[in-house]
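Asker: My structure is below; once you've seen it, I'll send some questions.
The values are calculated or read from the model by the stated rules, or taken from the named source; none is laboratory data. Only a predicted model underlies this, so the values are computations on that prediction, with no experimental measurement involved. Heads up, the Cβs are rebuilt from the backbone with ideal geometry, glycines too, and the neighbour counts pull from every protein chain shown. Side chains included, ligands, DNA and RNA excluded: accessible areas come from the protein's heavy atoms. Shrake-Rupley method; radii C 1.70, N 1.55, O 1.52, S 1.80 Å.
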Amino acid sequence: MLHDKIKQYSEEIAAFSPSSSADVENFRLKFLVSKGIVKTLFEEFKEVSTEEKRVLGKVLNEFKQLAEAKFKDAQEQFASAKVDLKNEDDLTLPGQGFSLGSRHPLSLVRKEIVEIFKKLGFIVSEGPEIEDDWHNFSALNFPPEHPARDMQDTFFIKKQDGNDMALRTHTSSVQVRLMEAGQPPFRAIMPGRVYRNEAISARAHCFFHQVEGLYIDENVSFADLKQTLYHFVKELYGDDTKVRFRPSYFPFTEPSAEMDISCTICKGAGCQLCKGSGWVEILGCGMVDPNVLDNCNIDSKKYSGFAFGMGIERVTNLKYEIKDLRLFSENDVNFLAQFESEII
Ligand code: PHE
């Protein structure tokens, strides 16, 4: 008998779905007050046989917890809506606001970068994140034994036919796809996600974002590359930002350089972010190696051009002083809500 009652009331409680705070109060009066159902069932429990007590004791306690938990949930549900409930008929009350999401900082910065280059006549182009060896390495003049192909850096995807694929390690693969698909002039900007086999820490991640740039035409020179990037830095970080180029090496550019800007945080005085040097590297660049043009069926005697690739995370860190890369992919609302919200 008692068991049946508990079962029946449990079902009623499970199905209880209040639509006002009055419903919540009625629930309390029915189940939880001193003459309510919970207490009454405990009274009945005293009368059952010792044998039954052994089984029913647990069931009854669970029932009590269920009723209390349901009441607590329902109470919380209506706590914030109290004002409305008290004034149910007051149609002059303002509507309840709802908060909009905000744009991810990386999306904001990517958009800003793309807008600057669009004004210079660059189009936006994208390519796949799962790439073959040709587009990610071979066409870009990586020798067969180049360490970047190593398992250490690249995530490979095994395929049954033996033609393994890789998660692209840089957006330079999109340069190749673009050039293979047509003939110069090319003037394109290529944003996207890239992957490297690195342990996740505040300073490194196994995926991040890059923006690649490519400009191929007749008579393009290193001076064009420098002028384009000077303009970009001034637009993004302001006129007083200093720029310097350091010679570097990439298999797909010759000559190659890395570009530093004066640290936006300490203005060149030296701080933690620039490790005291006053400079921060933001991109790699260079004149496209003639071998790459030839690999893409572009006449390297007639055409020349430049390419560059920058990490969006790095550019964003400098703009917003974000010290831990992991924040970008943890989806912590407290972090994300600090950035501009926008109706799309
Ligand atoms: N792909 C290079 C990197 O990921 C950057 C780069 C792009 C360098 C284009 C030169 C030209 O580090």
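Asker: Determine, from the Cβ-Cβ distance of Asn163 and Gln8 and an R0 of 56 Å, the FRET efficiency 1/(1 + (r/R0)^6), rounded to the nearest 0.05.
Answerer: According to the calculation, E is roughly 0.30.
Asker: Let me cross-check Val220: its accessible surface, 1.4 Å probe, with only protein heavy atoms counted, in Å² to the nearest 10?
Answerer: 10 Å²
Asker: Determine the relative contact order of the stretch 155-297: mean sequence separation of Cα pairs under 8 Å and six or more apart, normalised by residue count, in whole percent.
Answerer: RCO, the stretch 155-297: 16 percent.
Asker: If I compute solvent accessible area with a 1.4 Å probe over the protein chains, what percent of it on the stretch 63-208 is carbon and sulfur?
Answerer: It is 53 percent, rounded to a whole number.
Asker: Under a cut-off of 13 Å between alpha-carbon atoms, report the aspartates and glutamates in cross-link reach of Lys301, not counting same-chain residues fewer than 8 places apart.
Answerer: Asp217, Glu218, Asp289
Asker: Then there's this: When ligands, DNA and RNA are left out and all protein chains stay put, how many square angstrom of accessible area per residue does the chain have with a 1.4 Å probe?
Answerer: Here the per-residue accessible area is 57 Å².
Asker: Relative contact order of the stretch 1-140, please, whole-number percent, based on alpha carbon pairs below 8 angstrom and at least 6 residues apart.
Answerer: Here the relative contact order equals 24 percent.
Asker: Could you sort Leu91, Leu178, Leu318, Leu66 by their accessible area in this structure, using a 1.4 Å probe and putting the largest first?
Answerer: I get Leu91, Leu66, Leu178, Leu318, largest accessible area first.
Asker: Can you give me the solvent accessible area of Tyr215 with a 1.4 Å probe, rounded to the nearest 10 Å²?
Answerer: Near enough 50 Å² of accessible area.
Asker: Now for a separate question. Helix 50-79: angle to the longest alpha-carbon principal axis of the chain, degrees 0 to 90, nearest 10?
Answerer: 60 degrees
Asker: While we're looking at this one, here's another question. So, in the stretch 9-68, how many Lys pairs have Cα atoms under 21 Å apart, if the pair is 8 or more places apart or on different chains?
Answerer: Final tally of qualifying lysine pairs is 11.
Asker: Out of the trypsin sites (Lys or Arg not before Pro) in the stretch 218-308, which ones are loop residues according to DSSP with at most 12 other C-beta atoms within 10 Å?
Answerer: Lys275, Lys301, Lys302
Asker: Which order do Arg149, Arg110 take when ranked by solvent-accessible area (1.4 Å probe, heavy atoms of all protein chains), largest first?
Answerer: Arg110, Arg149
Asker: With a point put 7 Å past each Cα toward its Cβ, work out how far Gln338 is from Ser34 in nm, to one decimal.
Answerer: 5.4 nm
Asker: Among the lysines, which have Cα under 18 Å from the Cα of Lys234 when same-chain residues fewer than 8 positions away are ignored?
Answerer: Lys234 reaches Lys111, Lys118, Lys119, Lys226, Lys242, Lys267, Lys319.
Asker: Restrict the search to the stretch 142-204; then list the chymotrypsin sites (Phe, Trp or Tyr not before Pro) that DSSP places in a loop and that have at most 16 other Cβ atoms within 10 Å of their Cβ.
Answerer: Phe155
Asker: Test of understanding: given the chain, find the longest segment containing no GluC sites (Glu not before Pro) that are in a DSSP loop and have at most 15 other Cβ atoms within 10 Å.
Answerer: Formally, the longest exposed-site-free interval is 219-320.
Asker: Helix-derived [θ] at 222 nm for the chain: sum -39500 (n - 2.57) over DSSP H runs of at least 4, divide by residue count, nearest 500?
Answerer: So the helix-based figure for the chain works out to -12000 deg cm²/dmol.
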